[in-house]
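Just below is one structure, and these are the notes that go with it.
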Amino acid sequence: MNINNIVFKTEGLSKYYNPNRPEEIKALMDINIEIKRGQITILSGPSGSGKTTLISLLGAIDRPTEGKIFLHDEELSVLSDESLALIRRKKIGFIFQDFNLIPRLSAWENVAYPLIPIVYNEKERKGRAAALLERLGLGKRINHTPEEMSGGEQQRVSIARALINNPEILIADEPSSNIDAKAIENLILILTDLRKKGMTIIISTHDEVFYPHADIKINLKEGILIDIEQRMQRT
Ligand SMILES: Nc1ncnc2c1ncn2[C@@H]1O[C@H](COP(=O)(O)OP(=O)(O)OP(=O)(O)O)[C@@H](O)[C@H]1O
Ligand SMILES: [Mg+2]
């Protein structure tokens with residue numbers, strides 16, 4: 001595997017909440033992993049094992065207590081807040097567990113939200129958002145608000161919002177916990193299709209339904225990396 005195929009690399013990555021206080025929690029300890037381009041990587045482990053913490057660190061939302069994270073050759077932990085925000089906007093799309101949609105905005109307005117109005121006028125923003133919603137099977141829902149949509153539909157709106165800036169990386173935290181079995185099936189189709197197009201996908205989940213579709217599964221327990229399972233045969 002060419003070194004350029006490594007998207008994320010962590011070295012001795014640790015995250016302690018409330019460090020050096022009686023209520024200190026070692027959420028992640030000495031994590032050394034590589035995440036490769038065009039693969040589906042699953043972060044697995046029981047509740048409290050550190051999945052969301054690791055996703056926040058990889059996604060440049062939070063900073064490590066110790067250790068390093070490289071996104072390509074750039075070390076994230078030394079960058080300014082502004083640089084991290086730029087990386088989040090340009091390179092990473094997030095799908096949140098509870099979708100994080102803005103209630104009073106329509107589907108297309110939610111999807112277009114990350115597009116900067118100075119760069120794109122309203123017509124362009126609506127056009128791009130509508131095209132993405134169409135691609136995700138929501139062409140008839142572009143003017144609906146989140147409360148007028150099912151859980152699975154709301155999630156597809158949140159996927160479209162995650163994709164609107166053409167990120168190279170898609171990160172999803174527990175994406176199956178708020179949708180039904182049919183919507184999960186649909187989500188897997190969307191994710192495997194994105195992988196075919198070369199997207200790097202990271203999913204935190206303890207839902208076994210994703211496992212056959214993963215290239216690699218990273219197993220965490222109580223903040224420790226237990227093992228890494230390589231999948232030779234995936235669907
Ligand atoms: N902001 C925080 N402040 C203090 N402790 C936290 C914070 N966030 C998480 N923790 C603790 O860190 C540990 C790891 O939490 P994390 O949310 O990363 O686990 P998880 O694997 O995502 O769990 P779940 O499957 O329940 O979502 C847990 O013990 C949790 O209580
Ligand atoms: Mg979590």
| query | What are the residue pairs meeting all of these: first residue in the range 44-68, first residue near ligand 1 (Cβ under 9 Å from one of its atoms), second residue of a type in the set (Ser, Thr, Tyr) and assigned to a strand (DSSP E or B), Cβ atoms under 7 Å, and 6 or more apart or on different chains? | reply | Lys51/Ser204; Thr52/Ser204; Ile55/Ser204
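Going by the conditions given, is Pro22 surrounded by fewer than 19 Cβ atoms within 10 Å (Cβ to Cβ) and over 22 Å from Leu225 (Cα atoms)?
Details: surrounded by fewer than 19 Cβ atoms within 10 Å (Cβ to Cβ): yes; over 22 Å from Leu225 (Cα atoms): yes.
Yes; evaluated as a whole, the condition is true for this residue.
When the range 17-43 is examined, which residues are found to be hydrophobic (A, V, I, L, M, F, W, C) and without any contact (Cβ under 8 Å) to a residue 60 or more places away in the chain? Explain how you work it out, then say what you get.
Narrowing the range 17-43 to residues hydrophobic (A, V, I, L, M, F, W, C): 25, 27-29, 31, 33, 35, 40, 42-43.
Within the range 17-43, just Ile25 meets the criteria.
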| message | So Lys221 ticks every box in (1) in contact with a strand residue (DSSP E or B) (Cβ under 8 Å, 6 or more places away or on another chain); (2) within 14 Å of ligand 1 (Cβ to nearest atom) but one. Which box is left unticked? | response | (1)
| request: Tally the residues that are more than 14 Å from ligand 1 (Cβ to nearest atom) and closer than 15 Å to Leu187 by Cβ, restricting the search to the range 91-106. | output: 4
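Just to check your reading of the model, which residue among Arg141, Arg128, Arg156 is buried (at least 18 other Cβ atoms within 10 Å of the Cβ) and under 17 Å from the mean Cα position of the chain (by Cα)?
Numbers: Arg141 fails: under 17 Å from the mean Cα position of the chain (by Cα); Arg128 fails: under 17 Å from the mean Cα position of the chain (by Cα).
One residue alone meets the criteria, Arg156.
Suppose we filter Val111, Val119 for residues that are over 26 Å from Ile25 (Cα atoms), among the β-branched types (Val, Ile, Thr) and touching a residue at least 40 places away in the same chain (Cβ under 8 Å); which single one remains? If you could, list the steps in order and put the result at the bottom.
Working: Val119 fails: touching a residue at least 40 places away in the same chain (Cβ under 8 Å).
The match here is Val111.
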| query | Mind checking whether some residue in the range 162-171 is within 16 Å of ligand 2 (Cβ to nearest atom) and either of a type outside the set (S, T, N, Q) or over 28 Å from Lys9 (Cβ atoms) (or both)? | reply | yes
| query | In the range 165-190, how many residues are closer than 25 Å to Arg37 by Cβ and of a type in the set (S, T, N, Q)? | reply | 4
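Restricting attention to the range 136-165, and to residues there that are among the polar types (S, T, N, Q) and not in a helix (DSSP H, G or I), which single residue is nearest to Lys90 (Cα to Cα)?
First, pick out the residues of the range 136-165 that are among the polar types (S, T, N, Q): 143, 145, 150, 154-155, 158, 165.
Cutting the leftovers down to not in a helix (DSSP H, G or I) gives us 143, 145, 150, 165.
Values: Asn143: 26, Thr145: 26, Ser150: 29, Asn165: 6 Å.
Within the range 136-165, the match that is nearest to Lys90 (Cα to Cα) is Asn165.
Which is in contact with a Phe, Trp or Tyr (Cβ under 8 Å, 6 or more places away or on another chain), crowded, with 18+ Cβ neighbours inside 10 Å and more than 16 Å from Leu220 (Cβ to Cβ), of Leu58, Leu76, Leu101?
Details: Leu58 fails: more than 16 Å from Leu220 (Cβ to Cβ); Leu101 fails: in contact with a Phe, Trp or Tyr (Cβ under 8 Å, 6 or more places away or on another chain).
Being in contact with a Phe, Trp or Tyr (Cβ under 8 Å, 6 or more places away or on another chain), crowded, with 18+ Cβ neighbours inside 10 Å and more than 16 Å from Leu220 (Cβ to Cβ) holds for just one of Leu58, Leu76, Leu101, which is Leu76.
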| Single unsatisfied condition, Pro117 versus (1) at pLDDT 95 or above; (2) more than 21 Å from the chain's Cα centre (by Cα) | (1)
| query | Of these, Ile171, Ile190, Ile184, Ile179, which one is β-branched (Val, Ile, Thr) and touching a strand residue (DSSP E or B) at 6+ places or on another chain (Cβ under 8 Å)? | reply | Ile171
| Taking the stated definitions as given, is Thr52 touching a Pro at 6+ places or on another chain (Cβ under 8 Å) and either of a type outside the set (Val, Ile, Thr) or under 23 Å from Ile226 (Cα atoms) (or both)? | no
| said: Suppose we filter Ile190, Ile201, Ile171, Ile184 for residues that are outside any loop (DSSP other than H, G, I, E, B), of a type outside the set (S, T, N, Q) and more than 23 Å from Gly45 (Cα to Cα); which single one remains? | reply: Ile190
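Working carefully through the options Lys15, Lys26, find the one that is within 9 Å of ligand 1 (Cβ to nearest atom), of a type in the set (D, E, K, R), modelled with pLDDT of 95 or more and in contact with a helix residue (DSSP H, G or I) (Cβ under 8 Å, 6 or more places away or on another chain). Spell out the reasoning first.
Values: Lys26 fails: in contact with a helix residue (DSSP H, G or I) (Cβ under 8 Å, 6 or more places away or on another chain).
Answer to the selection: Lys15.
The values are calculated or read from the model by the stated rules, or taken from the named source; none is laboratory data. Since the model is a prediction, treat every value here as computed from it, not as a measurement. Here Cβ is always computed from backbone atoms with ideal geometry, including for glycine, and neighbour counts include all displayed protein chains.
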